Amino acid sequence: MNNNENTSPNKAPTHKSKSDPIVEVSGLCKWFGDFCALFDINFSVNFGEKIVICGPSGSGKSTLIRCLNQLEEHQIGTIRIDGKEVKPGMKNIEEIRREVGMVFQSFNLFPHLSVLDNLTIGPIRNRGMNKNDASEMAMELLDRVHISEQANKFPMQLSGGQQQRVAIARALCMKPKLMLFDEPTSALDPEMISGVLDVMVELAEGGMTMICVTHEMGFARQVGDRVIFMDDAEIVETSDPETFFSNPETDRAKLFLSQLLSH
Amino acid sequence: MDRNSPPPPLRKRRITYVDLVLIGLVVAMIAYAVYRVNDVLVYNWNWDRVFSFILRYDEETDRWVTNLLVQGLLTTLRLAIWSTILATIIGVIMGYWRRCNNLSLRIISRAYVELIRNIPPIVFIFIFYFFISSQIFPMIGLSNLRHDSPYMDNALFRILFGDPRLFENFIAGMICLAVFEGAYITEIVRAGIQSIGKGQWEAGRAIGLSHFNILRDVILPQAIRKILPPLAGQFITLIKDSAIVSLISIQELTFLATEVAATTTKVFETWILVGAMYFVLCYFFAYVFGKLEQRSARSNG
């Protein structure tokens, strides 16, 4: 056993290759009151992988990714991010959150701060970066999400699609190793969706590790390495996107896809 | 007709018979009140006597100088401003405690709010005044201040706190009012913090901000913007509530008016005048705050 370094996951990894898991979840369970939101969830994500999570509403998709950065506390099971165990109520959870970017369905930009300040507040407060360096980095990121000309506006002055791109840039500002997307396009008007998806595709092509809760099948097919299908608090099916969308194994996945396509 | 032609006028609001009857009734009631006072009570109006307590002609220096009632008004204004500042500090701390995770802090702030909101202000002021004047002042060394020291006997001090000889008296009134109004501001702050959506906390957490940083950089700036209108309203309430500290001999407008009414025996004139002074003061602030609110609403789009 001791001749193989890959078999000792308890040690924090000193170097990373494509095959090292950045997220390891085992036996994860979560209840809201008496309602079971997650039951015995097991999966792992390697560096650079793009995972798409889909499933009917209320199936626990959002809860799952919110457990990864402890916006929700789980009761049972272990979560490791980059080798470090994430425990409910842990003291230095901020250090893990700084490595994990998150994009919300409802953007959640800070409305009292300009677009630029929305981006720089994290690096300035968390990394002690000075304002000029932070602004420079923020402008580069805004350029990457094609919105640098709006840097001095306030979130309310932007369209939903623009706000979501700012939110992506804000998450990237912390230079995360992993990005979580919680239905990033569900609150957008149809004509705004493609701009946000384009940014996400570019991000994926740049090698970012991503876990996306989304029903955008085109996006899932284009960038997804694996699709995780959840229903009723459990992972029902895991497969590559092509197989999942064209030839799902389980009846529950078939039912879900038929409902998704029929509207 | 085309879309660029001037739009036809909307229906106009006219004065109706109901309005005329109501206005007539109000005029009749005022006239009856004046009749009762003048002809039935045979009240002898003497406004000049009372006006002299606002402005007085000083024969020695050959100038008009302000008299008791103006000094009282200024003391009331100073009391209101300082108490509001102190009460806001208390309110922000207690308001945060109302919602924080620490049980004992929640209990302390809840007890503070409920205690003060369920005791008549006058009773509270009597109890609390006895406490601060007998316990707190000796403790912080306020009971043996030298009023003639250059730190106290200067123009700036007089503008900020009034007469140095009445400083302890002023501070006692200010603390009483601040602790009292702080309970109401606590509830305003709590509501303000609660009105900021969960998503703002989550967004702050997601980029790894500490609890304190989220509160300071994300939640409070937004909450304070939202609570400015009710806070301004509370300031005006505080101006009116400040009249109760006259009962512990704080020399503000109501206290001095009591003395003027007693020495002149012109009760009606004094209190009508004092009421008018309060009205002008409060209405002025309400008007200014209203304008500021309109402006900030415009600038926020």
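The values are calculated or read from the model by the stated rules, or taken from the named source; none is laboratory data. Quick caveat, the model's predicted, so the values are computed rather than measured. A quick note on method: Cβ atoms are made from the backbone with ideal geometry, for glycine too, and the neighbour counts reach across all protein chains shown. In case anyone asks, the SASA skips ligands and DNA or RNA and just uses the protein heavy atoms, side chains included. Shrake-Rupley method; radii C 1.70, N 1.55, O 1.52, S 1.80 Å.
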Residue in the range A:198-212 that is closer than 24 Å to A:Cys36 by Cβ, of a type in the set (Gly, Ala, Ser) and buried (at least 16 other Cβ atoms within 10 Å of the Cβ) present: no
For B:Leu145, are the conditions met, namely being open to solvent by 80 Å² or more (accessible area, probe 1.4 Å) and of a type in the set (A, V, I, L, M)? no
Any residue that is exposed (fewer than 12 other Cβ atoms within 10 Å of the Cβ) and not basic (Lys, Arg) - is there at least one of those in the range B:66-84? no
Filter the range B:37-63 for residues that are out of contact with any Phe, Trp or Tyr (no Cβ under 9 Å at 6 or more places or on another chain) and among the basic types (Lys, Arg) and give the result. B:Arg49
In the range A:33-56, is there at least one residue being out of contact with any His (no Cβ under 6 Å at 6 or more places or on another chain), within 14 Å of chain B (Cβ to nearest Cβ) and among the acidic types (Asp, Glu)? no
Name, by its number, the condition in (1) under 19 Å from the mean Cα position of the chain (by Cα); (2) buried (at least 16 other Cβ atoms within 10 Å of the Cβ) that does not hold for A:Lys87. (2)
What is the residue count in the range B:202-219 for residues that are more than 7 Å from chain A (Cβ to nearest Cβ), surrounded by 15 or more Cβ atoms within 10 Å (Cβ to Cβ) and over 33 Å from the mean Cα position of the chain (by Cα)? 1
May I ask you to list the residues in the range A:97-115 that are in a loop (DSSP other than H, G, I, E, B) and either within 7 Å of chain B (Cβ to nearest Cβ) or more than 16 Å from the chain's Cα centre (by Cα) (or both)? A:Arg98, A:Phe104, A:Ser106, A:Asn108, A:Leu109, A:Phe110, A:Pro111, A:His112, A:Leu113, A:Ser114
Output the residues belonging to the range A:178-205 that are farther than 14 Å from A:Ile168 by Cα and out of contact with any Phe, Trp or Tyr (no Cβ under 9 Å at 6 or more places or on another chain). A:Ser186, A:Leu188, A:Asp189, A:Pro190, A:Glu191, A:Met192, A:Ser194, A:Glu205
Consider B:Gly197 against the criteria (1) within 20 Å of B:Arg98 (Cα to Cα); (2) surrounded by 16 or more Cβ atoms within 10 Å (Cβ to Cβ); (3) not hydrophobic (A, V, I, L, M, F, W, C): it satisfies all of them except one. Which criterion is unmet? (2)
Among (1) under 24 Å from A:Ile51 (Cβ atoms); (2) away from every other protein chain (no Cβ under 14 Å); (3) not polar (S, T, N, Q) - the single one A:Glu140 does not satisfy: (1)
Of a type in the set (S, T, N, Q), over 19 Å from B:Ile224 (Cβ atoms) and in a helix (DSSP H, G or I): does that describe B:Ser83? no
Restricting to the range B:287-301, what's the tally of residues that are within 17 Å of the chain's Cα centre (by Cα) and open to solvent by less than 80 Å² (accessible area, probe 1.4 Å)? 3
Hey, among B:Asp48, B:Asp58, which residue is under 30 Å from B:Val280 (Cβ atoms), open to solvent by less than 40 Å² (accessible area, probe 1.4 Å) and free of Cβ contacts under 8 Å to residues at least 60 places away in the same chain? B:Asp58
So which pairs qualify, if the first residue must be in the range B:93-121 and modelled with pLDDT of 90 or more and surrounded by fewer than 18 Cβ atoms within 10 Å (Cβ to Cβ), the second must be among the hydrophobic types (A, V, I, L, M, F, W, C) and not in a helix (DSSP H, G or I), the Cβ gap must be under 7 Å, and the two must be at least 6 apart or on different chains? B:Arg106/B:Cys100
A:Pro56: passes all of (1) part of a loop (DSSP other than H, G, I, E, B); (2) within 17 Å of A:Gly27 (Cβ to Cβ); (3) of a type outside the set (S, T, N, Q) but (2)
Please state which one of B:Ser249, B:Ser296 is in the same structural domain as B:Phe130 (by TED's automatic domain parsing), under 18 Å from B:Gln234 (Cβ atoms) and not β-branched (Val, Ile, Thr). B:Ser296
Out of (1) of a type in the set (S, T, N, Q); (2) out of contact with any Phe, Trp or Tyr (no Cβ under 7 Å at 6 or more places or on another chain); (3) open to solvent by less than 30 Å² (accessible area, probe 1.4 Å), the one A:Gln157 does not meet is (3)
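So how many residues does the range B:247-286 have that are among the β-branched types (Val, Ile, Thr), assigned to a loop (DSSP other than H, G, I, E, B) and open to solvent by 30 Å² or more (accessible area, probe 1.4 Å)? Break it down stepwise before answering.
Going residue by residue through the range B:247-286, those that are among the β-branched types (Val, Ile, Thr) are B:248, B:250, B:254, B:258, B:260, B:263-265, B:267, B:270, B:272, B:274, B:280.
Checking which are assigned to a loop (DSSP other than H, G, I, E, B) leaves us with B:250, B:265.
Then drop every residue that is not open to solvent by 30 Å² or more (accessible area, probe 1.4 Å), which leaves B:265.
Here the count works out to 1.
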Residue among B:Ile159, B:Ile125, B:Ile171, B:Ile188 that alone is open to solvent by 70 Å² or more (accessible area, probe 1.4 Å), of a type in the set (A, V, I, L, M), closer than 30 Å to B:Tyr283 by Cβ and more than 14 Å from chain A (Cβ to nearest Cβ): B:Ile159
Is it true that B:Tyr151 is open to solvent by 10 Å² or more (accessible area, probe 1.4 Å), part of a helix (DSSP H, G or I) and on the phi < 0 side of the Ramachandran plot? no
Of everything in the range A:24-53, what is touching a Lys or Arg at 6+ places or on another chain (Cβ under 7 Å) and either farther than 13 Å from A:Ile211 by Cα or in a strand (DSSP E or B) (or both)? Give them in sequence order. A:Glu24, A:Ala37, A:Leu38, A:Asn46, A:Ile51, A:Ile53
Counting just the residues of the range A:110-126 that are in contact (Cβ under 8 Å) with a residue 40 or more places away in the chain and closer than 15 Å to A:Met174 by Cβ, which one comes out most open to solvent (accessible area, probe 1.4 Å)? A:Asn126
Among the residues of the range A:245-263, write down those that are surrounded by fewer than 12 Cβ atoms within 10 Å (Cβ to Cβ) and either in contact with a Pro (Cβ under 9 Å, 6 or more places away or on another chain) or among the charged types (D, E, K, R) (or both). A:Asp251, A:Gln259
Going through the range A:223-234 one residue at a time, which ones are within 17 Å of the chain's Cα centre (by Cα) and open to solvent by 30 Å² or more (accessible area, probe 1.4 Å)? A:Asp225, A:Arg226
So which pairs qualify, if the first residue must be in the range B:226-247 and more than 16 Å from B:Ile81 (Cβ to Cβ), the second must be open to solvent by 40 Å² or more (accessible area, probe 1.4 Å), the Cβ gap must be under 6 Å, and the two must be at least 6 apart or on different chains? B:Lys226/B:Ser195; B:Pro229/B:Glu293; B:Ile244/B:Pro121; B:Ile244/B:Ile122
